[in-house]
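Read the structure below first, then the notes.
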Amino acid sequence: MSRLSSAVPAEQYLADSQVLFYLNDAVTQLLDHKEEYTQFGLVRYFAEYFSSVKNSNHVLFREFNYITATQHNRASFIRVFWRCFRQIGKSGDLLSVWEYRSLLQLLCPDFPLEVVRSAARIVLMDDTADCLMSFSDFIYAFQLQFYYQEFLESVQVIYQDLLAGKSPNTVIVPTSSSIEQLISVATEENDREEQEQDGVDSSTLAECVDAFCDRFKHSYPSRTCMREALEQTDKVSYFSFLMSLAKHESINQTIGVLPSKEELLIDPELDQELDKLIAQISVSPSSNSSSSAVGGLKEVQRRASPRRNIHHRRKIEVESDGSTEETDSSEN
């Protein structure tokens, strides 16, 4: 999020940082649950809300429309997903599309399957829901698909037009109707498998994408990164292009929430906290092990947004061993 400086007009800062969006959401949550929040004061409520936004914990258990409303929310959700389920990568487990969707729904109950399938196709180059993927392969593809979703949908429309032999100067901005047409086209791809494998001319696609970026209003990957990815071969398919972008370290650095692939499964700070928790559990009496685990995990987890205080029954204790069991501390 942009920082305020004397060189930036107030109106531009508010637009760039999207402070008004978060302020509106904070007020909405306050009005919906004012009896509980007013008990500990408005100042504390707003302080905790914006602290959770700053620390990227505000997206936990929120609806899909909220976690995709800003680029900061999207980056925050990617970070939360990585921190919660990186143990899967450390254990070497391979999961299917449906299993990754189940994990995402633990953090966002209405997370749509289509986004997960699109990310999986970047890895698998095919729409096979039963194929298994490693955590490291999936999360970088998911990061690209989730963070730049609107742009990638637009690029796919451009790619399909080029594949059909339409003028390369015809650039279509996706609308609700065009996206429906795109889904319809996707169902017919099996009949055009050989043509898909051949792809389109890389330089032509690069020209169309570059021209489209001039008038695209949402976030999109660096033009330099896209140009480098398209210069690798004379012809390129849509998903091979996306795979190149997903593996591009500059894309990862621009989004700024995931470490490099070599360090993806390393988190010394969290590992130290978990070691302390395990030690605490091991010395606790068996009768108190459950409550000790709950208390320790609450210390490990960073403070979530004030809204989460109401829904503490749904907090997911996942960082200790990669499990996804729900814990109700109020019943202990």
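The values are calculated or read from the model by the stated rules, or taken from the named source; none is laboratory data. Please read these numbers as outputs of a predicted model, since none were measured by experiment. No Cβ is skipped: glycine too gets one built from the backbone with ideal geometry, and neighbour counts run over all protein chains shown. We work out accessible area using only protein heavy atoms, side chains counted, and drop any ligands, DNA or RNA first. Shrake-Rupley method; radii C 1.70, N 1.55, O 1.52, S 1.80 Å.
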Extending each Cα 7 Å along its Cβ direction at D198 and D32, get the distance between those two points in nm, one decimal. 5.2 nm
Under the Karplus curve 6.51 cos²θ - 1.76 cosθ + 1.60, θ = phi - 60°, whole-Hz ³J(HN,Hα) for segment 56-62, x wherever Gly or Pro sits: 6, 9, 6, 8, 4, 6, 8
Extending each Cα 7 Å along its Cβ direction at Q71 and S51, get the distance between those two points in nm, one decimal. 2.8 nm
How far apart, in nm, are two points set 7 Å out from the Cα along the Cα-to-Cβ line at K90 and at E262? 2.0 nm
Additional length obtainable on full extension of the chain from T233 to R44, 0.36 nm per residue less Cα span: 62.4 nm
Ordered by residue, what ³J(HN,Hα) values in Hz, to whole numbers, does segment 261-269 give under the Karplus form 6.51 cos²θ - 1.76 cosθ + 1.60, where θ = phi - 60° and Gly and Pro are x? 4, 5, 10, 4, 9, 10, 8, x, 4
For a 27 Å ceiling on Cα separation, which of these pairs sit above it: K34/K276; K166/K261; K217/K261; K90/K276; K166/K247? K34/K276; K166/K261; K217/K261; K166/K247
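So, R0 is 45 Å and r is the distance between the beta-carbons of T254 and E63; what FRET efficiency does that work out to, to 0.05?
Efficiency, from the Cβ-Cβ distance: 0.95.
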Rounded, prolate or oblate: which one fits segment 1-88, using the alpha carbon gyration tensor with axes a ≥ b ≥ c (rounded when a/c is under 1.5, else prolate when a/b beats b/c, else oblate)? oblate
Please turn the phi angles of segment 207-219 into ³J(HN,Hα) values with the Karplus equation 6.51 cos²θ - 1.76 cosθ + 1.60 (θ = phi - 60°), one per residue in order, whole Hz, x for glycine and proline. 5, 5, 5, 5, 5, 5, 4, 4, 10, 7, 9, 9, 6
Cβ neighbours within 10 Å, averaged per peptide: list 244-251, 37-44, 156-163 in order, most packed at the top. 156-163, 244-251, 37-44
Rounded accessible area of L265 (nearest 10 Å², 1.4 Å probe): 60 Å²
In whole angstrom, note down how far apart the Cα centers of segment 79-93 and segment 234-253 are. 23 Å
Give me the number: length gained by fully extending E153 to Q12, i.e. 0.36 nm times residue separation minus the C-alpha to C-alpha distance, one decimal in nm. 48.0 nm
